[in-house]
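Remarks on the structure that follows.
The values are calculated or read from the model by the stated rules, or taken from the named source; none is laboratory data. Remember, predicted model here, so these are calculated numbers, not experimental data. Because the Cβ atoms are built from the backbone with ideal geometry, glycine has one as well, and the counts that use them run over all protein chains shown. Areas reflect the complete protein model, heavy atoms only, side chains present, ligands, DNA and RNA absent. Shrake-Rupley method; radii C 1.70, N 1.55, O 1.52, S 1.80 Å.
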Amino acid sequence: MAVDELDTRILRLLIEQPRSSVREYARILGIARGTLQARLDRLERDGVITGTGPSLSPAALGHPVLAFVHVEVTQGHLDEVGDALAAVPEIIEAFSITGGGDLLTRVAARDNGHLEDIIQHLIQLPGVVRTRTEVALRERVAHRLLPLVEAVGRAAGTSR
């Protein structure tokens, strides 16, 4: 889906001022509320906007240890293992990947002992061959999308 310069401005506002109202966004952008709502509806329908909830901190929820656990799976069992991973509350993301492993999970734990318990649980899941864990020491670039949104908007502006 094409994101134009106005879409980029809308997305920037949503990221930078997530608690403002549609009326306020329209005022800031200098466009009609109906125009803004139609754009928002299209961005949601096209899957650009995927949620509107708050961004939560696992560390503030008592889980400051962040680890990436690679999971190697027996052939033909990827779906079953994926379903089993979804039942582990400390797994906050999981992806099928290429390279060294079949799945990559992002795990939040209370401490290193808790992380070890989670890994031991994963190893015991049917279809899991082995795991490899990397503990994050410090976040260097926080999850962000605004630079990508702006790059897409710039590219849309230059391709016209």
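Structure data summary
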{"quantity": "Carbon and sulfur %, accessible surface of the stretch 1-154 computed with the full protein complex present, 1.4 Å", "calculated": "52 percent"}
{"quantity": "Furthest towards positive pole of dipole, His70, Ala38, Ile49, structure part the stretch 1-83, Cβ charges", "calculated": "Ala38"}
{"quantity": "Per-selection Rg to Rh, the chain - Cα, Kirkwood hydrodynamic radius", "calculated": "1.09"}
{"quantity": "Alpha-carbon Rg/Rh ratio, for the stretch 72-115, with Rh computed the Kirkwood way", "calculated": "1.00"}
{"quantity": "Distance from the stretch 86-152 to the stretch 1-77 (C-alpha centre basis), Å", "calculated": "22 Å"}
{"quantity": "Total charge dipole magnitude, the chain, about the Cα centre, Cβ charges on Lys, Arg, Asp, Glu only, Debye to nearest 20", "calculated": "940 debye"}
{"quantity": "Positive minus negative residues near Gly99 (Lys, Arg vs Asp, Glu; Cβ under 14 Å)", "calculated": "-2"}
{"quantity": "Cα gyration tensor of the stretch 66-160 - equivalent ellipsoid semi-axes, whole Å, descending", "calculated": "32, 18, 11"}
{"quantity": "Helical contribution to [θ] at 222 nm, DSSP H n ≥ 4, -39,500 (n - 2.57), averaged over the chain, rounded to 500", "calculated": "-12500 deg cm²/dmol"}
